[in-house]
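Beneath this line is the structure, given in structure tokens, with notes to follow.
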Amino acid sequence: MTKEETIEYLRCVKKLETQKHYCEEQGLPFFANRLLCPYCYRQVYDQITMEQAASQLITGCPKCHKSFAD
């Protein structure tokens, strides 16, 4: 893994943790609880901003648009 890939991975982990914290604070289900989409196996959080992770419930994959809530 290159340095850039490692940095991007760590950013995605931080966004996942931020989303988990947001869900816990708001009493919401934590649907986006994996780094990879279980349907298309692509990264979920690389197209999500930190602001979105901290303030919006993520319910599906931004790439294949499959819902995690079903």
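The values are calculated or read from the model by the stated rules, or taken from the named source; none is laboratory data. Since the structure is predicted, the reported quantities are computational estimates derived from the model, not experimental observations. Because the Cβ atoms are built from the backbone with ideal geometry, glycine has one as well, and the counts that use them run over all protein chains shown.
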Problem set entry | Subset of region 19-70 (residues that are under 25 Å from Ile7 (Cβ atoms), of a type in the set (Phe, Trp, Tyr) and either in contact with a Pro (Cβ under 7 Å, 6 or more places away or on another chain) or surrounded by 14 or more Cβ atoms within 10 Å (Cβ to Cβ) (or both)) | Tyr22, Phe30, Tyr45
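Quick one: which residue in Tyr45, Tyr41 is of a type in the set (Ser, Thr, Tyr), touching a Cys at 6+ places or on another chain (Cβ under 6 Å) and either at pLDDT 95 or above or within 20 Å of Cys64 (Cα to Cα) (or both)?
Details: Tyr41 fails: touching a Cys at 6+ places or on another chain (Cβ under 6 Å).
When all the criteria are applied, what remains is Tyr45.
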For this session: State which residue is farthest from the chain's Cα centre (by Cα) when the search covers only region 31-64 and only residues that are of a type in the set (S, T, N, Q) and under 17 Å from Arg11 (Cα atoms).
Result: Ser55
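For Ala69, are the conditions met, namely being in contact with a Phe, Trp or Tyr (Cβ under 7 Å, 6 or more places away or on another chain) and in contact (Cβ under 8 Å) with a residue 40 or more places away in the chain? Please lay out each step first, then the result.
Numbers: in contact with a Phe, Trp or Tyr (Cβ under 7 Å, 6 or more places away or on another chain): yes; in contact (Cβ under 8 Å) with a residue 40 or more places away in the chain: yes.
It is true that Ala69 is in contact with a Phe, Trp or Tyr (Cβ under 7 Å, 6 or more places away or on another chain) and in contact (Cβ under 8 Å) with a residue 40 or more places away in the chain.
Check region 16-38 and report whether any residue there is of a type in the set (Val, Ile, Thr), assigned to a helix (DSSP H, G or I) and without any contact (Cβ under 8 Å) to a residue 40 or more places away in the chain.
Filtering region 16-38 for residues of a type in the set (Val, Ile, Thr) gives 18.
The next check asks that each one be assigned to a helix (DSSP H, G or I); those that pass are 18.
Pick out the ones that are also without any contact (Cβ under 8 Å) to a residue 40 or more places away in the chain and you get 18.
Yes, region 16-38 contains a residue that is of a type in the set (Val, Ile, Thr), assigned to a helix (DSSP H, G or I) and without any contact (Cβ under 8 Å) to a residue 40 or more places away in the chain.
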For this session: Would you mind stating whether Leu16 is in contact with a helix residue (DSSP H, G or I) (Cβ under 7 Å, 6 or more places away or on another chain), under 20 Å from Ser67 (Cα atoms) and not charged (D, E, K, R)?
Result: yes
